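The next block holds one structure in the form of structure tokens; read it before the comments.
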There are 4 protein chains.
Amino acid sequence: MTEKPKPDAEQAMRDWWRTSIIEMKPGVIRYRGYPIEDMIGRVSFAQMIWLMTRGELPEPREAALLDAVLMSAVDHGPQAPSIAISRMATTCGVGLNNAMASAINVLGDVHGGAGEQAVELYHDVTKRIDAGSGEESAVDAALADFTAQHGKIIPGFGHRFHPIDPRAKPLLELVDRAAADGVVSGRFARIARLIEAALEKQKGRRIPMNIDGATAVIYAELGFPAPLARGLFCISRSVGILAHAWEQMQQGGRNKGPIPRQYIPTYDGPPQRPVPAA
Amino acid sequence: MTEKPKPDAEQAMRDWWRTSIIEMKPGVIRYRGYPIEDMIGRVSFAQMIWLMTRGELPEPREAALLDAVLMSAVDHGPQAPSIAISRMATTCGVGLNNAMASAINVLGDVHGGAGEQAVELYHDVTKRIDAGSGEESAVDAALADFTAQHGKIIPGFGHRFHPIDPRAKPLLELVDRAAADGVVSGRFARIARLIEAALEKQKGRRIPMNIDGATAVIYAELGFPAPLARGLFCISRSVGILAHAWEQMQQGGRNKGPIPRQYIPTYDGPPQRPVPAA
Amino acid sequence: MTEKPKPDAEQAMRDWWRTSIIEMKPGVIRYRGYPIEDMIGRVSFAQMIWLMTRGELPEPREAALLDAVLMSAVDHGPQAPSIAISRMATTCGVGLNNAMASAINVLGDVHGGAGEQAVELYHDVTKRIDAGSGEESAVDAALADFTAQHGKIIPGFGHRFHPIDPRAKPLLELVDRAAADGVVSGRFARIARLIEAALEKQKGRRIPMNIDGATAVIYAELGFPAPLARGLFCISRSVGILAHAWEQMQQGGRNKGPIPRQYIPTYDGPPQRPVPAA
Amino acid sequence: MTEKPKPDAEQAMRDWWRTSIIEMKPGVIRYRGYPIEDMIGRVSFAQMIWLMTRGELPEPREAALLDAVLMSAVDHGPQAPSIAISRMATTCGVGLNNAMASAINVLGDVHGGAGEQAVELYHDVTKRIDAGSGEESAVDAALADFTAQHGKIIPGFGHRFHPIDPRAKPLLELVDRAAADGVVSGRFARIARLIEAALEKQKGRRIPMNIDGATAVIYAELGFPAPLARGLFCISRSVGILAHAWEQMQQGGRNKGPIPRQYIPTYDGPPQRPVPAA
């Protein structure tokens, strides 16, 4: 057992937590090199979100698109598990941060992951086009691959509650305008619409783009990697999660269950029976 | 700026995470000094829980009481927010560990804290008795103090669903038997019954001891500090949380909300209105 | 057992989840009465956060202040437990949403609650002034009360790492400008400065306002109830939490512990000992 | 819009939360048909865990094996992210339940999933044997398949810290004894040893079975489906998580970061730069 070279222990500790996001010294905070005191009042929240996750500040019109997409997905009401969980948690004697955590935690592959998956799907289509495939056959091949791997639910298209998701059209219009202005390419809006058309042809009925499909278009247009589509959705939805926790706190209640207490869940297990002798 | 003394950096790092619970070296794991290879098959799960939280191994009959109390509180059905959250989370595309975490997280002051509060209440009574107060006046004073600080819900007594909680009596019987055998003193069982009697006198009707009141008796008899009553309840309830997550996983479902989708929550906010011009 | 009146069951279910935040029907989503399709591209993320938590849309200059305060608190580096947790969680095979949840969860009374407590402290001062007390004696009395109840750490003032928190001054300047423009009253900025002065007099050295004290001024000026200061901090900090999770994901690593693996934590428990015979 | 048939609303609500785990009525709690008052003091915690997750009570010797496996995995010290998170969370002003939740939450695919994956691997081998393959070629094929899909880290074998994991051997001995007594078949212990031998042959050095490989043998022998191996690990590890949270609570500290405050993380991003003009 030779002694470890002591001068390295401190460096090892520092490097274990190395980051290129934030530089800290007593009295100094810089994000990606920008001193915080120069940013406050000049850099918007949406720009900061971009800087933190991407490394550089966006153009103002890029930031406006990001701002819009964050705004559009804040809430889908108490039937969304995340929102119900936030409200129930609030009545259990935990802090708002805890209620938010229990709720954000369930924004998983099924509840919060559709945006991420849709970005991946769009990227798969562009990769095929870039490799020489025609647009429509690229879409068909990407959809076939996706279905083979993940089943028939295509992320970003169709909604079990809304025949037409009212959020998709205005989001797409923002992208179209941004593309006309040269802020984004418009490529992913086009691909998403081709997917919509291909699905209609396949199924014989419209499976319209939903919020996840539309926000994924914007995230892809703005160059966000797919996993960040999920991460940013978590930030967006945390607004609704907070608002409902707060409303529930004002309504009061203790240990609020999912349904009123007098409606006892159906039991379909074995009838009463004696514990066998040891 | 003088340089920090380098030789201390490694020690500082090690000491930052110092513990008297577990000793680790390559090939070596000892809990409180006991080598794990000597424990496996000889030390029970309940004994291990005791050792980890208390520092020493319990007597077998103490371990049996702890085992019984952990067994008694595993589940209270899908109307408990923790259980509903576990089931809903499971349908959102997260792992069992995540579903369990979102659920355990809500075992807060209101949902999971009654056992802890009941232990504190019992300790308050004993402190008053030890200071010379008579038993009944100690109980009355402790209840009056508690009510003044926390309101009229006395932790461990009364149940909003069960007129009589079927778990309290058999748990108390275990304590009585253990007290008769000299395993515990029986002091806290006596205090809990005095509280029950005092409450009946005050309210003019029975407010019978519930699961939290009875488990708190056992935790207090066994010498567990009050906060561990909550921590151990979390371990106990995590069994029901897991079982329901697993059952839900087999039932299937995606983004399971608290009520069937066709029953849209009542909206009682402002009617439709136009967004004001910017 | 008389049968429950059936026609009420559906209403009971709907009312159990009643809300004035969001109105949902197939194809319809309205927040506080505003149709989402009219909001997208016209209402900013900061305005939406305000609408969701407060019930009405803010003036643009109010929204700008809220935007600035959200921007200012996104991150404090990997030595903050929340940030370290986010990075460690990411290496454990969970989703970004789960890493964010574990991290947001710890923004409790000590880590994330200072803003909420500072708002409460400011409100306590204003209440005393409104009841006829002079400003300085109101501040002294509020501080004395706070210290008596919670100990000597005054939320919002002093920082264990920064001799002067570089975020406080520019935030206060924003408030001063907004007060000069009549957007806010400036009352809470004045109170916070009085507290700073009182602390200096008491302690004989400056305990300068920190980020929590400054953001609390803005939340109070904008009329946010104290608990929302914590909730909004969670949204703000979730940006840093996401950025660090994402950076860690790109750095890679599996089961990243708090310090490099070769630096084994100090063990200070009992030495090796045999398991006693059963 | 025809009105929904009212008599069904209550039933729909009850059925939405149907379960075969627990039957609840006022004054009545039955788990899988067994009245709780008959179970307390007669059914052990390990038996209860089995009943809740499997549907029927185990034989006492099966319960003893389950008890042993739960006991064996409670803790791996503060370098495990779950344990460090629990300790850090405790210093942030959240409850023990919240600290436990943040920690259990990270027992994901990498940190807590190896047992589940090992059970799946063993099942894959048995499926191949049952389909007529020889034992060794079944093992080789299963390993080749696993590596192709998931990479070269074989769950349950090898340990980055322990050259030999001291927990594996005593756990395997328990299985051998149980197999000799006819409690379990011993089939999965045999398969696990064949995997160990195959890995040694492949790599030219021993990759010894670790805790996850050994506990997976027991879970498989006892008939637990693979996902429950992860769920039960969460229950086991939550003991260590609680013990460390409690120890940290007694050590004190506020906002405990991963390393002492004076060791500032290395910053490797852009140097200081001015915020560009808007």
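Just so you know, all these numbers are worked out from the coordinates, no wet-lab data involved. Since we're looking at a predicted model, the values are computed, not measured. Positions of Cβ are generated from backbone atoms using ideal geometry, with glycine treated the same way; all protein chains shown enter the neighbour counts.
Some points to look at:
- Per residue of C:55-66, other chain Cβ atoms within 10 Å of the residue Cβ number 1 on average.
- For region B:99-157 versus region D:27-47, the spacing of their alpha-carbon centroids is 26 Å.
- Neighbour net charge for D:Ile36 - beta-carbon separation under 9 angstrom, K R +1, D E -1: 0
- D:Ser133-D:Val28 pseudo-label distance in nm [points 7 Å out on the Cα-to-Cβ vector]: 5.0 nm
- Summarising the rotation from chain B to chain D, the nearest chain B beta-carbon to the axis and its distance in Å are given as B:Ala101, 2.
- With its label point put 7 Å out from Cα toward Cβ, D:Pro270 sits 4.1, 5.9, 6.7 nm from the same residue's point in the other copies, in order from shortest.
- Taking amide H as placed 1.01 Å from N in the peptide plane, B:Val184 has its amide H under 5 Å from the amide H of B:Ala179, each at least 5 places away in sequence or on another chain.
- If you take the Cα centroid of region D:200-276 and the Cα centroid of region D:165-181, the two points sit 25 Å apart.
- Its relative contact order, with pairs defined as Cα atoms under 8 Å and 6+ residues apart, puts region D:166-253 at 28 percent.
- Under 5 Å, built H, 5+ apart or other chain: amide partners of C:Met209: C:Gly158
- Gaussian network model of chain B, springs between alpha carbon atoms under 10 Å - residue of B:Met39, B:Met249, B:Met13 with greatest fluctuation: B:Met13
- Stretch in chain D that is longest and holds no trypsin sites (Lys or Arg not before Pro) that DSSP places in a loop and that have at most 16 other beta carbons within 10 Å: D:43-151
- Whole-Hz couplings from phi, Karplus 6.51/-1.76/1.60, listed for region B:124-133; x for Gly and Pro: 4, 5, 4, 4, 5, 5, 4, 8, x, 6
- Cβ-vector label at 7 Å, B:Glu135, separations to other copies in nm: 6.2, 6.5, 8.7
- Global form of region A:229-272, assessed from the alpha-carbon gyration tensor, a/c cut-off 1.5: oblate
- Test item: B:229-239 mean partner chain Cβ contacts at 10 Å: 6
- Cross-link pairs exceeding 25 Å between alpha carbons, from the set C:Lys169/C:Lys256; A:Lys127/D:Lys152; A:Lys169/A:Lys203; C:Lys169/D:Lys256; A:Lys152/D:Lys127: C:Lys169/C:Lys256; A:Lys127/D:Lys152; C:Lys169/D:Lys256; A:Lys152/D:Lys127.
- Taking every alpha-carbon pair under 8 Å whose residues sit at least 6 apart, chain A reaches a relative contact order of 25 percent.
- Pairs of Cα atoms farther than 22 Å apart, chain A, %: 68 percent
- Distance in nm between pseudo-label sites at D:Arg254 and A:Thr266 (7 Å out along the Cβ direction from Cα): 5.4 nm
- Cβ-derived FRET efficiency at R0 41 Å, A:Glu59 paired with D:Ile153, nearest 0.05: 0.45
- Descending Cα extents along the principal axes, region B:56-120, whole Å: 44, 24, 21
- For region C:79-173, a simple Cβ point-charge model (Lys and Arg +1, Asp and Glu -1, everything else neutral) yields a dipole of about 540 debye relative to the Cα centre.
- Per-selection metrics, region C:1-129 (Cα): Rg and Dmax in Å: 20.9, 62
- For the listed peptides C:117-123, D:140-146, C:131-137, a ranking on the average number of other beta carbons within 10 Å per residue, highest first, reads C:117-123, D:140-146, C:131-137.
- Rounded to the nearest angstrom and listed largest first, the equivalent-ellipsoid semi-axes of region A:21-60 from its Cα gyration tensor are 18, 12, 6.
- On the principal axes of its alpha-carbon atoms, region B:141-278 has extents of 74, 42, 31 Å, going from largest to smallest.
- Inter-copy label distances at C:Gly151 (7 Å, Cα→Cβ; nm, one decimal): 2.6, 4.2, 4.9
- Other-chain or far-sequence residues with amide H under 5 Å of A:Ile22's (modelled H): A:Arg32
- Fraction of C-alpha pairs exceeding 62 angstrom in the protein assembly as shown: 7 percent, rounded to a whole number.
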